[in-house]
1. Using a 1.4 angstrom probe and counting only protein chains, how large is the accessible area of residue 151 in Å², to 10?
2. How far apart, in nanometres, would the label points at residue 218 and residue 341 be if each is projected 7 angstrom from Cα along the Cα-to-Cβ direction?
3. Residues with amide H under 5 Å of residue 531's amide H, sequence separation 5 or more or different chain, H placed in the peptide plane at 1.01 Å from N; which?
4. In whole Å, what is the distance between the alpha-carbon centres of region 581-600 and region 93-168?
5. Using 25 Å as the Cα-Cα cut-off, could you pick out the over-long pairs in 564/623; 683/803; 217/312; 97/495; 690/710; 392/456?
6. Just to confirm the filter: which GluC sites (Glu not before Pro) across region 733-801 are DSSP coil and have at most 12 other Cβ within 10 angstrom of their Cβ?
7. Using modelled amide H (1.01 Å from N, peptide plane; none on Pro or chain starts), what sits under 5 Å from the amide H of residue 321, excluding residues fewer than 5 places away?
8. At 1.4 Å probe radius, can you tell me the per residue accessible area of region 697-835 in Å²?
Amino acid sequence: MKKSILVSSAVFSSIALSHKARAFTSDGATLNFQTVHSNYISSVDVIGVIAIIALAVLSIMLYKRAKALSKATHALENFNELRQTFIDAYPGYIYLKDENLKYVFVNKNFAQSVGLSTESIIGNDNSIVFEAKYVKEFSSTDLYALEQHKLVEGSAAIGERHFKTIKFPVRMQNGAFGVGTYIRDVTQELEQLREQERALKRNELLYDVLSKHFNSKQEQLDYALHELLKLSGSEFGYIYFYNEEKEEFVLNTWTEGVMRECKVKGEPKIYKLDKTGIWGEVVRQRKPIIVNDFNKPNELKKGYPEGHVALKRFMSIPVFIDGKIVAVVGFANKSAEYSQEDVKEISMLMSGVWNAVERREANEALSYERSKYLKTLLSIDDGVTIIGRDRKIEFMNTVACRLTGWKLEDAVGSNYLDVFSLSYEEGRAASHNPIEMAFSTGKVQALGEQIVMKSKTGEKYYLEDSTSPIADEKGAVAGVVLVFRDVTEKRAQLKHIEYMSFHDALTGLYNRRFFEEELKRLDIGRNLPISILMGDTNNLKLVNDIFGHSFGDTLLTKITEVMKNSCRADDILARYGGDEFVLLLPRTSSDEVERVAQRIKKGISFQRVSAIGCSISIGYDTKTVESTDILRVLRNAETNMYSAKTLERSEVEKRELEAIIDALHTSNKREMLHSKRVSQMAKRLGKALKLSEADIEKLELAGRFHDIGKVVLDPSLLDKGHEFNPKEQKERDQHPIIGYRILNYFDDTLELAEIVLAHHENWDGSGYPKGLKGEAIPLLARILSIAGAYEQMMHPSTNNEAKSLEEAVLELERELGVLYDPIIGAAFIELLRSA
């Protein structure tokens, strides 16, 4: 644009010079010359004008081209920015390498997954990105994609994580070929696939029992029992029919393993219920029985004859039809323990199996058999829906109705697509329709991963399980049975458990376990220098003792917020212990961590929990070379923290003690004056009693702090005088105990704690909190007691009138030997009268 402007300026300058020349030639001195050569000059003028116009047009064209070029450059920049945004939005990993397998670009997820910055990856090869044992595997597939010059799909495993990879050649700007790669984490998919395979086996068994041709009922039950045996992972199994009226079991079938192993001769085929041991409990208790340690003594066991198969674990399940137990299925010696999931699985399958058997046996009562089948489906905890070949719903059990939000009468006859609204977890419509796949293939289909169903009322449920085709007599697909389970709560619980396994429940910070794992992970050269900062909360015990643990929790959460606000996004902040925090700061020097420590201490100093100020003792250390053990750095930080705590202890205690007493006196001026007067009066009485200087000093301090425990009381109680209801009186009577806890916390006031605790004890034992009597009450506490009582008489609260000196003395005399030490009381009265 600047060039266009300059050219245009030159053009306009040429035009100006041309006009000036013509003006000059019109003067008298050159008039004849112009006349003689007028035709020639006119021709020259025309040519000049044309040249000037041409230059102007060229300048305009150059200007437009420059402007278009600028616009195209800007558009290209926008396009590159958008491209990077889309690449970074891809949930997997993307990278591009040049012909030398050096990284050209990577997306954000890839950089984060390997724990490196994008800048540190670009221009380098796999050796800085992956551990040595994985470099060869990833590099070989890159080379293969380049050499074969085609798209290559593969898989890889790093630790316990599994990945799908797509690699393809890409022509670079220099004409050479690099390799582009998409990587997707499929670990969760594989785990879900294993669970889906188990679900498929369940449905295949149910499908086979329902649709396969069997020559007899016995053959059908034998098949079902052996398939259930494989599904449950058991070694032995049996099915007994049961007659509730006769209370007897009739053996139907044993698995082949039992027949091989059992050496008992003349084993009976029929058992009476009252003759059975623990395996009969399934009927007596009318519920499944699981025994995972069969060798453990049990009063219900009656033993088994010599030669019987040895049992280690045992599970027996009743089969209910119309509320009656019609059979009992048992399994034994699974390698792992039997669980309620096994019970649920076998119960559902045996219910289906039994219905199929009875339908075969009584074909003429098909409608009755169908009723049984439907009752079984209605009784299970999974949702069951039957869809006809016309894609209309024929049946839904209660669970299915509840989860879909449809009433049975409204759902029956409706297209299943109107009832079932399925999508993936992230909101995409489900591309894989297991119901249509079951119709088209005639095979059992699993629900897609992370399938979410939206009910008619708008609620969302996460589902597990699958669909099975229903074959007619000719083997054609006549319908589909959809069996699904609501795993929303289970999924939420698993997510919560996963979260809580790495987080502190109170503060929401990472816990010690997570921190120690991250410490190992981040202890690499590229993170140097690595600093560790440890902080120990001051006064947490004091807050808990005075105000209760809920206030202590508040203290911890306030400190947490300050520390979080003082951290960077990449720093790792964890609650390391009860009142300890630890902060891991990669790429942070000792000077920088010192500034972080000061920022934390300053921020925390502004926080308060009631009368207690917040503070923290901090220590830190920095690792600057790779050879240094990171655990040693952690220990150094902890040692430095405890050193700081020791050095700061006296100053912190002094500051907090003053803060507590100031809080009390600020909230109630009378309490401040009361403390001062009692302190002065006790000091005078101590001198009159000729106490030592040390005891007089204690008295003076105890007088100042004797009511410090009132800091926890509601301010309204401080001005209420003596008119308290029982609840208020109980609360107020706690203040000597609270005062004892406070003073017992500080080194400088330990000797005052017992005095303050006993300053409301009476000579006759009627005081509180311990009910001490006579000389069992500390001497200095007895002095405080009478000094405090006198101050209350002379300077009462708003609800009482002040007494005169004589009135106060008379009242004190009446209570000598009752409330007050008679000797100390007599000395105090003498002191008052002599003043």
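1. 90 Å²
2. 3.7 nm
3. 585, 587, 588, 623
4. What the calculation gives is 34 Å, centre to centre.
5. 217/312; 97/495; 690/710
6. Hits after loop and neighbour filter: 801.
7. So residue 321 has HN proximity to 326.
8. Details: 6710 Å² over 139 residues.
Per residue, region 697-835 has 48 Å² of solvent-accessible surface.
The values are calculated or read from the model by the stated rules, or taken from the named source; none is laboratory data. Keep in mind the model is a prediction, meaning the values are calculated, not measured. Positions of Cβ are backbone-derived with ideal geometry, glycine not excepted, and every protein chain shown enters the neighbour counts. The protein model used for the area step is the full one, side chains on, heavy atoms only, and it has no ligands, DNA or RNA in it. Shrake-Rupley method; radii C 1.70, N 1.55, O 1.52, S 1.80 Å.
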